[in-house]
1. For region 205-219, check the following and say yes or no: at least one residue is within 21 Å of residue 390 (Cβ to Cβ), out of contact with any Leu (no Cβ under 6 Å at 6 or more places or on another chain), of a type in the set (Gly, Ala, Ser) and touching a residue at least 60 places away in the same chain (Cβ under 8 Å).
2. Take region 392-450 and flag every residue that is out of contact with any helix residue (DSSP H, G or I) (no Cβ under 6 Å at 6 or more places or on another chain), acidic (Asp, Glu) and farther than 22 Å from residue 317 by Cβ.
3. Restricting to region 223-242, and then to whatever is open to solvent by 10 Å² or more (accessible area, probe 1.4 Å) and in contact with a Leu (Cβ under 6 Å, 6 or more places away or on another chain), can you tell me which residue is nearest to residue 82 (Cα to Cα)?
4. Identify all residues within region 416-456 that are within 21 Å of residue 310 (Cβ to Cβ) and open to solvent by 10 Å² or more (accessible area, probe 1.4 Å); write none if there are none.
5. Can you find a residue that is surrounded by fewer than 21 Cβ atoms within 10 Å (Cβ to Cβ) and of a type in the set (Ser, Thr, Tyr) anywhere in region 178-191?
6. Working carefully through the options 291, 335, find the one that is assigned by the TED database to the domain that holds residue 397, farther than 26 Å from residue 94 by Cβ, touching a strand residue (DSSP E or B) at 6+ places or on another chain (Cβ under 9 Å) and not charged (D, E, K, R).
7. Could you give every pair whose Cβ atoms fall below 6 Å, whose first residue belongs to region 113-135 and is closer than 25 Å to residue 175 by Cβ, and whose second residue is open to solvent by 10 Å² or more (accessible area, probe 1.4 Å) and at pLDDT 95 or above, counting only separations of at least 6 or pairs across chains?
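The values are calculated or read from the model by the stated rules, or taken from the named source; none is laboratory data. All of these numbers come straight from a predicted model, not from anything done at the bench. Glycine gets a Cβ as well: all are built from the backbone with ideal geometry, and neighbour counts include every protein chain shown. Remember, those area values only see protein heavy atoms, side chains included, never the ligands or the DNA or RNA. Shrake-Rupley method; radii C 1.70, N 1.55, O 1.52, S 1.80 Å.
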Amino acid sequence: MASLNNVFVRASIRISYRWTAAPSRTSQYARPITQLRCYSLDRRPAPTKTTRGGSKVFKSADEAIADVKDGDVILSAGFGLCGVAETLIQAIHRKGLKKLTAVSNNAGSGPHGLALLTQDGRLDRIILSYLGSNKSLEKQYLTGQIAVELCPQGTLAERLRAAGAGIPAFYTATGGKTGEIPTRFTPEAVLEKGRPRETRIFDGKSYVMETALPGDVAILRAWKVDEAGNCVFKYTTKTYAGLMAKAARLAIVEAEEIVPIGSIDPDSVDLPGIFIDRIVPATAPKKAEVLKIAESKSGSKSSSSDDSRHRIAKRAAAELQDGFYVNLGVGIPTLAASYVPQDRTVWLQSENGILGMGPYPASEEEADPDLVNAGKETVTLLPGASTFDSAESFGMIRGGHVDVSILGAFQVSASGDLANYMIPGKVFKGMGGAMDLVSNPERTKIVVATEHVDKNGRSKIVQDCKLPLTGKGVVSTIITDLAVFQVDRVKGGLTLTEVAEGVDVQTVKEKTDAEFAVAKNLGSF
């Protein structure tokens, strides 16, 4: 018989209304019926305990994770390799822990970050928004060895925030289609379906319910921590650090510098010590996942493919007006920033927590692994910039405070549907922040910037998307190397408004799968 301390009775009660008889003068109101939905006994091992009093500082990461158990849910902070608790991950690997569930934005790269654990099969399940360059994890998922739950980046941040704030669930317009992706499967069969989600209509718009995402142990890295646990994070290391510390029963921070109590100005504290249980010295060096340096003005000769990409980016830059707050996706959209006129002020927002993002650093010496963009590339900040965590960032995005969002695409339809995060059987990386970025197209203009055809010559501008959707009816403008289309998101349909220099309408028709009308005053770019 399990002790009472280790048994938790769970129940869910729903109040529903139905007619008990045909309506009449004496029986014309719905009668509430109380329904007991389910009971379950949870006999899991007691969670890792936190204690008050005494020093929070441990000599080593190995000592701090000594009571972490097989099967624990690990909340692993960081974005790419930026802000990853590498010292603690190495300690978990040395201890030989297995059957772990990890929650993270992505899964590391090479031998770094969570990739160290996935390569040895230490994880049984992972909840993340983007697989990134972790090839071993992708292979394990496609062969059923690990369960992968894809979660939009902003939803992941909000589920963590909700857990830390004692909120059991919330509704969001983001990610209504993600439940269709299997969590575990083999080439022969689906072993575990995606998590179903309840939906509701608010003000005529459909929303899905997402539940809070708590963990057993949070591991994070901070630039400076005092002995009371007050943390200071640098730049984009803020992304999930504070959110995960608040959502876990036990929070362990590895600190690049541990200082006495009182050494940190109260106004400089990013995360109060109440949320930190253990502190260890950070001994693993930091590493930039993508060390990106600004190209010299006398760069190498460009190819025709580069010319095509830059033509798209130059036209996309025309969508960015003075004073706009803009989010640029990875790839071609990022190039648009270099074509904004110098007399025009545009504030670039990066979903991993930057407003006022600047160019790539001029040299390796200027590059900081604590400052990266959404593509994990090293960047700089402009005067007036700010950095913040992922909950703040996606509040800006979902709330419609961003004026324009430019994204790439695998397919975009005549009615404005967007597919840009997976090609079943070929490309499986995850949606990252894309689903959040297109979740409020009424307030944020969604622009697609992409090549007109894929590498096999097939049109990306299609009548109907065949790939899994990132968003339905969300795109307003499509910019390719051949043409510019405006999308009627209400009635559906495309109008060709511009063609590239040297391109005629007939060529566009031959290269486009979707039907479209031609504007009377056809322009060029």
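1. There is no residue in region 205-219 that is within 21 Å of residue 390 (Cβ to Cβ), out of contact with any Leu (no Cβ under 6 Å at 6 or more places or on another chain), of a type in the set (Gly, Ala, Ser) and touching a residue at least 60 places away in the same chain (Cβ under 8 Å).
2. Scanning region 392-450 gives 392, 417, 442.
3. 235
4. The answer is 420, 451, 453, 454, 455.
5. Looking through region 178-191, at least one residue is surrounded by fewer than 21 Cβ atoms within 10 Å (Cβ to Cβ) and of a type in the set (Ser, Thr, Tyr).
6. Within the list 291, 335, the selection yields 335.
7. 113/81; 113/84; 124/99; 125/101
Conditions (1) under 18 Å from the mean Cα position of the chain (by Cα); (2) crowded, with 21+ Cβ neighbours inside 10 Å; (3) of a type outside the set (D, E, K, R), marked per residue:
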site	(1), (2), (3)
337	no, no, yes
348	yes, yes, yes
353	yes, yes, yes
371	yes, yes, yes
381	no, no, yes
392	yes, no, no
